Structures are given as C-alpha cells and as structure tokens.
Amino acid sequence: MPGPVEILMHEHRIIERALRALRGVCQRFEKGEAVPADVPVRLVEFIQTFADRCHHGKEEKHLFPALEERGVPRDGGPIGVMLYEHELGRGFVREMAEAASAYARGESAAAARFVNAAQQYMDLLAQHIYKEDNVLFQIAQSVLDAPAKTGLAEAFEREEAALGLGTHEQYETLAGELERAWAT
Ligand SMILES: [Fe+2]
Ligand SMILES: [Fe+2]
C-alpha cells in the first residue's frame, strides 16, 4: 500500500493535469474563442469533487489532525496557512461554478468572470501544491511513524469508499481526457 504522503502527492499530479486543461480553456476564452459549455462545467465538477472533497478532505480530516497531534502548529503555522488557502480556493471555485452555469445558459459575458476566478484559483493552487509537496509533506514524512502512516492510508481508503467505488478512478480518467483535449 502506498503511504499517505505518496497518495496525496499523486493526487497533486492529477489535479495539475486538470489545471493545465483549465489554463488552456481560459486562454481560448481570452482570445474570444467559443468553448463548449460542458467543458467549464466539467472542470468545476472535477475541482469540487476530486480536488476539494476528496483531496482537501483527506488533508483536513486526517493528515492535518495527525500532524497537529505530533506538535506541528495549526494557528500561526503551516497547517493554518493550508486551511486558509483551502477556504480561499473554495471562494474562487464558487465563483467559477456560478460563471460556468451562466455561460451554459448562454450568457457570453460570464466567460470573463470565469477566467478571472479561474486565474486566481490556478495561482493559488500552484503555490499551495508547491508548499505542501516541498514543506508540509516533508514534515509529515519525518514526524509520522510507520503505524501512523498505515492508519492514514487506511483512513484515505475509507474516504474513497464513502465517495463511491471507482469514483476516484473516474475523475483521474477525466483529468487526463480534459488535459489531452484542452491543455495548450
Ligand atoms: Fe491542501
Ligand atoms: Fe494538497
């Protein structure tokens, strides 16, 4: 069984594939090109389910509490920063979701709103993922002992089961499809 840090890092790589697709979609919108309305909607759905519910859920419900128990500070420390950034991201995603539905209803002006929120989200996530990969997850590797790592990996599996069997794989496939179709 891969360890919890390896699982979360692998999920970062999947999220990055969808973010490359999102960047390509934004570039098309900025050039005034039409994008099929289901594409921004599917990107938002990927972010809400895979990036936020599944991935950030594992971090918030399991990894961060395990690190806190081992003395990694929350307030004024790296965990507090990560939690704040998750919340900030949720705000941008809500805005993207509203803009994507408006665009799907035929409001072409919503494309600019979508791009604006998506750019803030992409900037946020790029540096958020960098900090987790290079700082917080490195701390996790050193403070978590083997039983704690096994416990976390098992908790992650239970989260996957709660999300529905095969859901994770479906979203992983979707990220690859969106990247092939839309990344520039
Ligand atoms: Fe995170
Ligand atoms: Fe993360």
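Since every read-out is calculated from the coordinates, none of them should be taken as a lab result. Remember, predicted model here, so these are calculated numbers, not experimental data. Glycine gets a Cβ as well: all are built from the backbone with ideal geometry, and neighbour counts include every protein chain shown.
Close Lys pairs in the range 4-182, defined as Cα atoms under 28 Å apart and 8 or more places apart or on different chains, number 5. Loop-located GluC sites (Glu not before Pro) in the range 1-58 (DSSP state other than H, G, I, E, B) with a sparse environment of at most 13 neighbouring Cβ atoms within 10 Å: Glu33. Taking trypsin sites (Lys or Arg not before Pro) across the range 33-140, the ones in a DSSP loop with at most 11 further Cβ atoms lying within 10 angstrom of their Cβ are Arg105.
Mind giving me the FRET efficiency for Tyr130 and Leu88? R0 is 22 Å, r the Cβ-Cβ distance, nearest 0.05 is fine. The computed FRET efficiency comes out at 0.90. Other residues within the sphere of radius under 13 Å centred on the Cβ of Ser101, judged by their own Cβ, net out at -1 (K and R +1, D and E -1).
Give me the percent relative contact order of the chain, please, defined on Cα pairs under 8 angstrom at least 6 residues apart.
Working: 158 pairs, mean separation 80.0, N = 184.
Over the chain, the number comes to 43 percent.
With the cut-off at under 18 Å, measuring from each backbone N in the range 59-98 to a point 7 Å along the Cα-to-Cβ line of Asp145 picks out 66-72. With coordinates expressed along the principal axes, the C-alpha atoms belonging to the chain extend over 52, 36, 25 Å, beginning with the largest.
The GluC sites (Glu not before Pro) of the range 78-135 that DSSP puts in a loop, and whose beta carbon has at most 14 other beta carbons within 10 Å, are Glu107.
With the convex hull of its Cα atoms as the shape, the range 29-135 has an orientation-averaged projected area of 7.0 nm². Helix 167-182 and the long axis of the chain differ in direction by around 40°, with both axes built from C-alpha atoms. In the chain, helices alone account for a calculated mean residue ellipticity at 222 nm of -24000 deg cm²/dmol, with every DSSP H run of four or more residues adding -39,500 (n - 2.57). Across all Cα pairs in the range 3-80, the calculated P(r) in 10 Å bins from zero up to the longest distance comes to 16, 37, 26, 16, 5, 0 percent per bin.
Helix 78-104 axis versus longest C-alpha principal axis of the chain: approximately 20°, rounded to the nearest ten. Axis angle, to the nearest 10 degrees, between helix 4-30 and the longest C-alpha principal axis of the chain: 10 degrees.
Taking label positions 7 Å along the Cα-Cβ direction at both Gln120 and Glu169, the computed distance is 3.8 nm, reported to one decimal.
The distance linking the range 111-141 with the range 4-39 is 12 Å (Cα centroid to Cα centroid, whole angstrom).
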